[in-house]
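Only one structure is covered here, and it is reproduced in the block below.
The values are calculated or read from the model by the stated rules, or taken from the named source; none is laboratory data. Keep in mind that what you see is a predicted model, and the values were worked out from it rather than measured. Note: ideal-geometry Cβ built from the backbone for every residue, glycine included; neighbour counts use all protein chains shown. Quick note on the areas: whole protein, heavy atoms, side chains included, nothing else; ligands and nucleic acids left out. Shrake-Rupley method; radii C 1.70, N 1.55, O 1.52, S 1.80 Å.
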Amino acid sequence: MSKPGLPQGTRDFSATVVQRRQYIFQTIRRVFETYGFQPLETPAMENLETLMGKYGEEGDQLIFKILNNGLANPDKADRSRAALENVLAGKSSKDLTERALRYDLTIPFARYVAMNHGQLTFPFKRYQVQPVWRADRPQKGRYREFYQCDADIVGSSSLQNETELVLLYAAVFQALQLPITLKLNNRKVLAALAQTCGGPEWMVPISVAIDKLDKIGWEKVAAELENKGLPAAAIEKIKTYLSISGNNAQKATAMRALLGSEAQAETGLAELETILAQAQPFWGNTTVELDFTLARGLNYYTGTIFEVKAQGVQMGSIGGGGRYDDLTGLFGVPNLPGVGISFGVDRIYDVMEELALFPTTLAETTQLLFFHLGQKEAAEAFRWMQTLRAAGIATELFHEQQKFDKQFRYAEKKQIPFVAILGSDELAAGKIVLKNLSQGSQSNMGLEDLLLFFQQRAENPSR
RNA sequence: GAGGGCGUAGCUCAGUAGGUUAGAGCGACAGUUUGUGGCACUGUAGGUCGUGGGUUCGAAACCCAUCGUUCUCCCCA
């Protein structure tokens, strides 16, 4: 027998980790719901054709495909072989694989909306918290199975939606006490830049290159663009574009000076300014800045784009999103514009771990451990325990009669804050000894008082 | 897809000019006479040195392959 192991890039989550992850999930869910989003869940797998071609060439290769069942069936053997030939030739074949694991939450959402648009109330606001899978090579902050938390609004072009998403981001990260920078840009500004640099076909290469600015520096960005055949004059223009700095107002002014003659640029800038003006009074101390180098890979974005970076940590983005004009058009339902954002929970976890931002109280689960001090005593303890449990207080009874030492150590290891001693004396008196393990103090108590004690403690955890 | 680092006890790691029965700390378990834990002391268990080849009188150590893991690039959350 070989040692058991996990598939590359996947993880088990032990108790403490799950509790911390739940803390993040619950915070995000709560904010989603207070902003009027409703939950949606979709299957782990989709038809392969639903996913293919939606994430660009690179994306297609990162989709986990599921091998069809029944390939060994003799009746289908010839077709299976032919299918394999196809796959070896770099094509996909339904005879070999027709399903794939979910790659993100946006495309399945688009598929859902396209299938159900007759029944939905628009604008439709949904949130979705589920794992996705990518056949990527794992490294820091990158896994093959990870969770996304998405919120999207479809069926509305109103910029108010963007404003709400900015505030939603601010609310979540303030609740988590995680300092972030929320970056905003608009694809229309990038499109205008591409227009002045040779035409729309330059949009993607230029976006990809300038997105790396802070990582590789201007020299390499310029080299990459030159390599792709962009004229020197255009590169000079991009250099000016990237040199724009200052506060948000100054950046917008500078951008108008550079690209103001392009109608698209003016539209994009006006949109950004509207969002900033609407959201600013409510975003508290969150840092929100225009970043014209922000491009984001997904090519279905058409307007505003968002990205969240954690402050004080070396980590890729921990969230992002943007506006798309026609997401469901891919599935035959045109004219449904929308805007959405996503939280990268696994990265948020890593960042919070690094910055030690998790509340210490998350680890406490069981509140009280009854010592097992004999059959009769345990039977009585069981009665008390069930009463406490019925009141919602997490309680355990030690599993067998053992010396105190053992039972104390069990409580310590599980970080149980209180133990109840119910031995022969207590049995006779109808009271237990309640001991606070961190303080070492103890006192006698009846069942009523014990219940009261924990109910009050639940309301005021600082005690 | 390309390129590095690292695989020794449950965990963190020592251990190389190749040389006896491979070590430590932490953890686990047991005990220091069974109604009060954390500390301390004593003892016990636990290792095909990732795997398979090769070089050698002799390999945890050197070489090759392979698997796993981790990081960087590409791309992304």
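Rounded to a whole number, what % of the accessible area of region A:258-395 do carbon and sulfur atoms account for, probe 1.4 Å?
51
Stick to the Cα atoms of region A:217-326, pair each with every other, and give me the Kirkwood hydrodynamic radius in Å at one decimal.
Computed over Cα pairs of region A:217-326, the Kirkwood hydrodynamic radius comes out at 15.9 Å.
What is the log10 of I(q)/I(0) for region A:189-277, computed with the Debye formula using one identical point scatterer on each Cα and no solvent, at q = 0.13, 0.26 Å⁻¹?
-0.41, -1.38
Can you spot the lysines whose alpha carbon is less than 30 Å from residue A:237's alpha carbon? Ignore those fewer than 8 places along the same chain.
A:183, A:188, A:212, A:215, A:220, A:228, A:251, A:309
Treat each spin label as a single point 7 Å out from the Cα along the C-beta direction, and report the residue A:242 to residue A:160 distance in nm.
With each label placed 7 Å out from Cα toward Cβ, I get 4.0 nm.
With just the Cα atoms of region A:120-216, tell me how far they stretch along each of the three principal axes, in Å, largest first.
For region A:120-216, the Cα extents along the three principal axes come out at 42, 39, 30 Å.
Give the accessible surface of chain A per residue, rounded to a whole number of Å², with probe radius 1.4 Å and ligands, DNA and RNA excluded.
51
From the C-alpha gyration tensor of chain A, pull out the three semi-axes of the equivalent ellipsoid (sqrt of 5λ each), sorted largest to smallest, in whole Å.
52, 30, 21
Sort out the exposed loop GluC sites (Glu not before Pro) in chain A (DSSP loop, at most 16 other Cβ within 10 Å) and tell me the longest stretch that has none.
Segment A:99-363 is the longest.
Please state, as a whole number in µm²/s, the translational diffusion coefficient that the Stokes-Einstein equation yields for region A:364-459 at 25 °C and 0.890 mPa s, with Rh defined as the Kirkwood radius across alpha carbon pairs.
Rounded, D is 187 µm²/s.
At 7 Å along the Cα-to-beta-carbon direction for both residue A:354 and residue A:409, put a label point, then send me their distance in nm to one decimal.
3.8
7 Å from Cα along Cα→Cβ at both residue A:429 and residue A:391: what's the point-to-point distance in nm?
1.9
How large are Rg and Dmax for region A:303-400 when calculated on the C-alpha trace, in angstrom?
Values for region A:303-400 (Cα only, Rg and Dmax): 25.4, 72 Å.
For an R0 of 60 angstrom, estimate the FRET efficiency from the Cβ-Cβ distance between residue A:175 and residue A:88 and round to the nearest 0.05.
Efficiency computed from Cβ-Cβ geometry: 0.75.
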